[in-house]
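Here is the structure we will look at.
The values are calculated or read from the model by the stated rules, or taken from the named source; none is laboratory data. Worth saying up front: this structure is predicted, and the values here are computed from it rather than measured. Cβ placement follows ideal geometry from the backbone for every residue including glycine, while neighbour counts extend to all protein chains displayed.
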Amino acid sequence: MVKELDEKSETLPDHVGWRLWQASRAWHAEFAAAMRAAGHAWFTEARAGLLGYIPRGGTRQSALIERSATSKQAVQQLLDGLEAEGVLERLPDPRDGRGKLVRYTRKGLDALQDGDRIKLEIEHGYVARIGRERFDTLMDALRALDRGRSEASGEAGNLRDRPSEAK
């Protein structure tokens, strides 16, 4: 017997996960649109997801695959596109002849600078919408949630300890 979902019979819960997901999706969409408007036509949310795992000084491709928890093939495809756009370059790893280093080109570093500016613009928009005090409270709460997650999993650090600010 197939169970039917009758959405009219029950109101779905309004939970924090749903609100965080909606806010995150809206932020990512606004950021990607602003990056494209700033002249980075190559910028997509999928590419941004990978760039967020690449420190500004670069990383080994194998570490990127591991960090992103994405298949080797998917990472390879995204890197191919970013390399073709001139955002990243892959070089032989001098410590391991079989490995590759992934690092930003000048074009990629310029995009990261634009991204930093755009992130601040988005934050200023949030402050204008909800006020400085509520925004600061939101940031404090998000940091506390992240610290709690990090402590529970044995990780060190907080939101600022990300490998890259590309996202």
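When the residues of the range 99-120 are filtered to those that are outside any helix (DSSP H, G or I) and in contact (Cβ under 8 Å) with a residue 24 or more places away in the chain, the one that is surrounded by the most Cβ atoms within 10 Å (Cβ to Cβ) is 102.
Report whether or not residue 143 is more than 22 Å from residue 29 (Cα to Cα), touching a residue at least 12 places away in the same chain (Cβ under 8 Å) and not small (Gly, Ala, Ser). It is true that residue 143 is more than 22 Å from residue 29 (Cα to Cα), touching a residue at least 12 places away in the same chain (Cβ under 8 Å) and not small (Gly, Ala, Ser).
Looking only at residues in the range 84-98 that are surrounded by 15 or more Cβ atoms within 10 Å (Cβ to Cβ) and farther than 14 Å from residue 43 by Cβ, which one is modelled with the lowest pLDDT? Let's see the steps before the verdict.
Of the residues in the range 84-98, the ones surrounded by 15 or more Cβ atoms within 10 Å (Cβ to Cβ) are 85, 87-90, 93.
If we keep only those that are farther than 14 Å from residue 43 by Cβ too, we end up with 89-90, 93.
Values: 89: 97, 90: 95, 93: 88.
Checking each candidate, the answer is 93.
State whether one or more residues within the range 3-10 are hydrophobic (A, V, I, L, M, F, W, C), out of contact with any Ser or Thr (no Cβ under 6 Å at 6 or more places or on another chain) and modelled with pLDDT of 90 or more. Looking through the range 3-10, none of the residues is hydrophobic (A, V, I, L, M, F, W, C), out of contact with any Ser or Thr (no Cβ under 6 Å at 6 or more places or on another chain) and modelled with pLDDT of 90 or more. Exactly one residue out of 48, 34, 38 is surrounded by 14 or more Cβ atoms within 10 Å (Cβ to Cβ) and at pLDDT below 95: that is 48. Entry remark, the range 114-167: residues being over 24 Å from residue 38 (Cβ atoms), at pLDDT 95 or above and over 20 Å from the mean Cα position of the chain (by Cα) number 7 in total.
Among the criteria (1) small (Gly, Ala, Ser); (2) within 30 Å of residue 125 (Cβ to Cβ); (3) more than 15 Å from the chain's Cα centre (by Cα); (4) surrounded by 12 or more Cβ atoms within 10 Å (Cβ to Cβ), the one residue 74 does not fulfil is (2).
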